[in-house]
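Input: a single structure, listed below in C-alpha cells.
Nothing in this text is a laboratory measurement; each read-out follows from the coordinates by a stated rule. From a predicted model like this one, the values you see are computed outputs, not experimental measurements.
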Amino acid sequence: MEGSVPKAMGRSEKPASDRRLVICTAIGQTIGWGTLFAAFPLFGAPIEAELGWTRTEFNAGLTVALLVSGLAAIPAGRWVDRRGGRWLLALGGWAGALLLAAWSQASTLPAYWAIWIGMGLVQATALWSPAMAVVVIQARDPVRAITGITFVTGFTATIFVPLTALLIDRLGWRDALLALAAMQALPGLLTLWLLPPDPPRDRARGAGGFDLGRAMRQPAFLSLAGALSAHAFIGVGLGAHAIPLLRERGLPESSVILLVSLHGPFQVAARAVLFALGRRVTMRGVGRLASALLPVAMLLLALAPSEFGWLVLYVLAWAMADGLMAIVRAAGVAEILGRDGYGAVTGALSMIAVLPRMLAPVAIALISEGEAGYGPVPWLMAGLGAIGAACFAAAAAQRSR
C-alpha cells in the first residue's frame with residue numbers, strides 16, 4: 001500500500017510469525033502499565049490515612065517519575081537502536097518489581113520520592129516506547145502486531161483497577177504492593193523466554209551514526225511532536241478530571257462510572273476495525289482521522305446536553321481518537337519519519353510530551369477552581385485538539401512529499 005511502513009529493517013532474520021512477539025509484548029505491557037501506573041491512584045487514600053501525607057505529597061511521586069521518564073527516554077531509545085531491547089525490557093521490568101516491593105516498606109517522604117525517581121527510569125526502559133521500538137524492529141508486520149498488542153492493553157485499567165482495589169481491601173496497601181511486585185516479575189521472564197536474542201551491536205538499527213538532532217529539526221518531526229503533545233495533554237487531563245467533570249453535569253453516579261468505563265471497550269472496537277482493514281489503510285490516514293476526532297469529541301463534551309445518550313457520543317469519539325492515536329504514535333512515526341534511529345526518535349517525542357503530561361492535571365484544576373467549574377475546560381481541549389489535528393496533517397503532508 002502507498003506509504004506503508006517499509007519492510008526492510010536491518011539484516012537480521014525475522015521469525016515466520018509475529019505471534020510470540022505480540023503475546024509477550026501484550027502481556028508484559030498490560031502488567032507493566034497495570035502495576036506501575038493504573039494502580040497508583042488507588043494507594044493515595046490508604047497511604048495518606050496511615051502516614052499523614054497530603055494528596056499533593058503523594059501525587060508528587062508520579063510527577064517526579066514522569067519527569068525522569070521523559071529525560072531518560074532518549075537514552076533508552078538509543079540503547080534499543082544500538083543494542084536491541086530484550087535485556088532492557090527484562091531488567092526494567094524486574095527493577096519495577098523491586099521498586100514496588102520497596103514502596104511497600106516506605107514510611108518517609110524522601111524514601112517514597114526516591115523510589116519514584118527509580119520508577120521513572122523503569123517507565124522509560126520497560127513501558128511503551130522501548131517495547132514498541134522492539135516491535136517495529138522485529139515484527140514482520142509492525143502495524144498489525146501493534147494493533148494486536150493494543151487489543152489486550154486496552155483492558156489494562158479494566159483488569160488492574162478492580163484487582164488492585166480488591167487486594168488493598170483484603171490485604172492492606174503494603175501487602176497489596178507486594179502482590180503487584182510479584183506480578184511485575186513476570187514480564188521480564190516472558191521477555192527472555194519469548195523474544196529472540198538481541199542482534200549483534202554492529203547489526204542493530206541505529207548503530208551507524210544516526211543524527212538525532214538533524215531528525216528533530218525536520219518539519220515532519222516538529223509537527224508530529226505538536227500533535228502528540230496535544231493528545232498527551234488531553235489524555236492525561238481527562239484521565240485526572242473526567243469523573244468530577246461529568247459529575248458536575250448533574251448525572252447520577254452510576255451514569256458517570258458507566259461513561260468512564262465505556263472508554264476501554266470503544267477503544268478496542270476502533271482498533272478491531274483497523275485490524276480488519278489491514279493494509280488497505282495507511283497510518284497517515286488513520287492519524288488524520290484520529291487527530292480530527294479529538295476536537296470533535298471535545299466539542300461534543302462542551303455542547304452536549306447533560307444527558308447520558310448525548311454524552312455517549314462524546315465518549316465514543318474520544319475513545320476512538322485515543323485508541324487509534326496509541327497505534328499511530330508507534331507505527332505512524334515509523335511510516336512518516338522512517339525507521340532509522342526509531343528508538344531515539346520516539347524517545348525524543350516522549351521527552352517533548354512530558355511537559356504537557358505533567359501540566360495537564362494541574363492546569364485543568366486551576367481553571368476549574370478559578371472559574372468555579374469546568375465550563376471552559378472542554379473548549380480549551382477542543383482548541384488544543386484542533387491544533388494537534390493541524391500539526392498531524394502537516395506531518396503527513398511532509399511525508400507525502
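If I take every Cα pair under 8 Å that is 6 or more residues apart in segment 212-400, average their sequence separation and divide by the length, what percent do I get for the relative contact order? Mind dumping the intermediate values first?
Details: 225 pairs, mean separation 82.9, N = 189.
Answer for segment 212-400 is 44 percent.
Can you work out D for segment 212-400 in µm² s⁻¹ from Stokes-Einstein, where Rh is the Kirkwood radius over C-alpha pairs, the temperature is 10 °C and the viscosity is 1.306 mPa s?
Estimated via Stokes-Einstein, D reaches 94 µm²/s.
Go through segment 358-375 residue by residue and turn each phi into a ³J(HN,Hα) via Karplus (6.51, -1.76, 1.60, θ = phi - 60°); whole Hz please, and just put x for glycine and proline.
6, 7, 4, x, 5, 4, 5, 4, 5, 5, 5, 6, x, 9, 6, x, 8, x
Quick one: divide the alpha-carbon radius of gyration of the chain by 2.2 N^0.38 Å and tell me what you get.
Here the answer is 0.95, to two decimals.
Considering every Cα-Cα pair within segment 14-97, what fraction, in whole percent, is farther apart than 20 Å?
Summing the P(r) tail past 20 Å for segment 14-97 gives 51 percent.
For the chain, calculate the relative contact order in percent as a whole number, restricting contacts to Cα pairs under 8 Å that are 6 or more residues apart. If you can, show how the numbers build up before the last one.
On the way: 626 pairs, mean separation 113.1, N = 401.
28 percent.
Enumerate the whole-percent occupancy of each 5 Å bin, from 0 to the last occupied one, for all C-alpha pair distances of segment 19-203.
Calculated over all Cα pairs of segment 19-203, the distribution is 1, 9, 17, 20, 20, 14, 9, 6, 3, 1, 0 percent.
If amide H atoms are built 1.01 Å from N in the plane of the peptide, which residues on other chains or at least 5 residues away come under 5 Å of the amide H of Phe210?
none
Taking only DSSP H segments of four or more residues, each worth -39500 (n - 2.57), what value at 222 nm results for the chain once the sum is divided by all its residues, to the nearest 500 deg cm²/dmol?
On the way: 18 runs with 307 residues, N = 401.
Helices in the chain give a 222 nm mean residue ellipticity of -25500 deg cm²/dmol.
Suppose a student asked you for the relative contact order of segment 19-203, using Cα pairs under 8 Å spaced at least 6 residues apart; what percent would you report?
Relative contact order for segment 19-203 comes out at 44 percent.
Across segment 137-147, in residue order, what do the Karplus-derived ³J(HN,Hα) couplings come to in whole Hz, using 6.51 cos²θ - 1.76 cosθ + 1.60 with θ = phi - 60° and x for Gly and Pro?
These are the phi-based 3J(HN,Hα) values: 6, 9, 6, 6, 10, x, 5, 5, 5, 5, 4 Hz.
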